[in-house]
Amino acid sequence: MNADERRFEVLRAIVADYVSNQEPVGSKALVERHNLGVSSATVRNDMAALEDEGYIAQPHTSAGRVPTDKGYRLFVDKLSEIKPLSQAEKRAIRSFLDGALDLDDVMRRSVRLLAQLTRQVAVIQVPTLSRAAVRHLEVLPITPSRLMLVLITDTGRVDQRIVEMGDVISEEDTALLRGMLNQAMAGQRLTDASVRVAELPDEVRQDLRDPMLRVATVLIETLVEHPEERLVLGGTANLTRNVADFPGSLRQVLEALEEQVIVLKLLAASRDPGRVLVRIGEENEAAEMRSTSVVSIGYGSRDNPLGGLGVVGPTRMDYPGTMAAVRAVANYVGEILTGR
């Protein structure tokens with residue numbers, strides 16, 4: 001190998017040891033632990049060159065070296081492929097997520113699983129109603145004068161609403177309302193469905209106008225609501241395992257994670273379900289996050305991106321393993337929510 005390739009192997013060994021041991025790495029340790037195929041003098045020279053180029057640095061308290069943000073970036077950029085998870089890991093992910101009851105449960109399980117796999121903070125963006133289309137509307141009689149509406153979207157979201165009818169409604173009329181509503185709404189984006197539902201009271205026979213108006217009013221409130229985008233976080237306590245990774249900045253990081261706008265911006269660029277995005281240290285726009293790395297990806301499909309998910313942790317992280325876990329969880333979440 002040429003000098004550049006050899007120096008990258010030295011850098012990769014430094015990254016591996018520092019991520020594993022959290023101790024600055026010296027040339028003697030590199031020669032002992034890694035089969036680099038060169039003398040310790042050559043390793044020292046390569047380390048000096050890497051330091052001159054800004055890929056590693058020497059903490060003032062140690063003779064060893066640690067990777068810089070630039071060094072981690074080179075390491076990540078040269079990962080030729082993301083190591084796949086084992087079949088056992090994949091089965092465990094699928095089994096855990098397949099047990100989810102509804103969208104909120106999928107979100108909660110996803111961050112819990114991702115936090116466990118990576119030992120970092122996991123975050124996922126909840127799909128908003130504005131991106132969704134109606135998959136089905138169920139209309140269920142609770143009492144002779146009360147109906148339950150169950151709206152199911154193509155993102156897996158389930159909304160339930162109770163409608164007080166003000167008078168008794170027969171099973172036949174309930175079935176008629178159900179059929180008309182589904183015919184008007186199924187497959188429609190929610191904003192389009194709300195327009196269509198608003199027209200229905202004028203399309204039914206006279207004695208059903210009031211029942212349809214009551215149902216339509218409740219449905220429109222559900223369809224046109226646009227809550228702020230929400231995040232679900234998991235594993236925040238993982239950041240406190242190694243306070244030394246955040247010298248003087250752990251509190252800032254924790255406060256930034258509470259500011260959903262900051263994290264939503266981090267996930268905003270992660271709309272491509274096929275590409276894992278890694279931001280390291282100073283590459284993060286928010287000053288509070290510059291002691292962290294963010295590994296993120298979109299979930300859903302390229303035609304129907306639903307949101308982003310990822311992990312936040314120190315720059316000293318297992319990038320190959322974290323990237324593999326983020327991609328795998330995103331794939332399964334996308335499959336569950338798009339019904340593939």
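The values are calculated or read from the model by the stated rules, or taken from the named source; none is laboratory data. In this text the structure is predicted, and so the values were computed from the model without any measurement. Neighbour counts are summed over all protein chains in view; Cβ atoms, including those assigned to glycine, are modelled from backbone coordinates with ideal geometry. For the accessible areas, the whole protein counts, side chains as well, though only heavy atoms, and no ligand, DNA or RNA atoms are used. Shrake-Rupley method; radii C 1.70, N 1.55, O 1.52, S 1.80 Å.
Rounded, prolate or oblate: which fits the range 85-195, taking a ≥ b ≥ c as square roots of the Cα gyration tensor eigenvalues, rounded meaning a/c under 1.5, else prolate when a/b beats b/c?
On the way: a/c = 3.00, a/b = 2.42, b/c = 1.24.
Note, shape of the range 85-195 comes out prolate.
Could you do me a favour and compute the accessible area per residue for the chain, 1.4 Å probe, result in Å²?
Working: 16570 Å² over 340 residues.
For the chain, the solvent-accessible area averages 49 Å² per residue.
Can you give the local net charge around residue 8? Use residues other than it whose beta-carbon is closer than 10 angstrom to its beta-carbon, Lys and Arg +1, Asp and Glu -1. Each step should come with its number before you reach the end.
Numbers: positive: 6, 7, 12, 78; negative: 4, 5, 9, 46.
Local charge sum for residue 8: 0.
Find, among the trypsin sites (Lys or Arg not before Pro) in the range 53-119, those assigned to loop by DSSP (not H, G, I, E, B) with at most 14 other beta-carbon atoms within 10 angstrom.
On the way: sites: 65, 70, 73, 78, 90, 91, 94, 108, 109, 112, 119; in loops: 78, 119.
Those that pass, being in a loop and sparsely packed, are 78.
With n ≥ 4 as the cut-off for DSSP H runs, can you work out [θ] at 222 nm for the chain, using -39500 (n - 2.57) per run divided by the number of residues, rounded to the nearest 500? Let's see the in-between values first.
Details: 12 runs with 154 residues, N = 340.
One gets -14500 deg cm²/dmol as the mean residue ellipticity at 222 nm.
For the chain, set up a GNM with springs between Cα atoms under 10 Å and report which of 197, 168, 19 has the largest fluctuation.
168
Just to confirm a number: summing +1 for Lys and Arg and -1 for Asp and Glu over residues other than residue 241 whose beta-carbon lies under 14 angstrom from that of residue 241, what do you get? Numbers along the way, then the final one.
Working: positive: 119, 316; negative: 245, 318.
Cβ neighbours under 14 Å give a net charge of 0.
Normalising by the residue count of the range 24-140, find the relative contact order in percent from Cα pairs under 8 Å and 6+ residues apart.
On the way: 66 pairs, mean separation 17.2, N = 117.
Once divided by the residue count of the range 24-140, the mean separation gives 15 percent.
Report the far tail of the P(r) of the range 265-329, meaning the percent of Cα-Cα pairs longer than 17 Å.
Working: 756 of 2080 pairs.
So the portion of pairs separated by more than 17 Å is 36 percent.
Tell me which GluC sites (Glu not before Pro) from the range 134-202 have a DSSP coil assignment and no more than 14 other beta carbons within 10 Å of their own. All intermediate terms of the calculation are to be shown ahead of the outcome.
On the way: sites: 138, 164, 171, 172, 199; in loops: none.
Passing both the DSSP loop test and the Cβ count: no residue.
I'd like the carbon and sulfur percentage of the solvent accessible area for the chain, probe radius 1.4 Å, heavy atoms only, ligands and nucleic acids excluded.
Values: 7820 of 16570 Å².
Roughly 47 percent of what the probe reaches on the chain is carbon or sulfur.
Which of the GluC sites (Glu not before Pro) across the range 30-105 are loop residues per DSSP, with 10 or fewer other Cβ within 10 Å? Before the final figure, lay out the partial values.
Values: sites: 32, 51, 53, 81, 89; in loops: 53, 81.
Here the GluC sites (Glu not before Pro) that fit, given the DSSP loop and packing criteria, are 81.
Just the number: Rg to Rh for the range 296-340, Cα atoms, Kirkwood Rh, two decimals.
Details: Rg = 11.6 Å, Rh = 11.1 Å.
Result: Rg/Rh = 1.04.
Could you tell me the relative contact order of the range 1-73? Use alpha-carbon pairs under 8 Å, at least six residues apart, and round to a whole percent. It would help to have the intermediate numbers written out before the result.
Working: 82 pairs, mean separation 26.1, N = 73.
Answer for the range 1-73 is 36 percent.
So which helices of the chain fit the span-like rule, where a helix is a whole DSSP H run, its Cα atoms reach 24 Å or more along the axis, and its mean Kyte-Doolittle is at least 0.0?
Membrane-span-like by this rule: 319-338.
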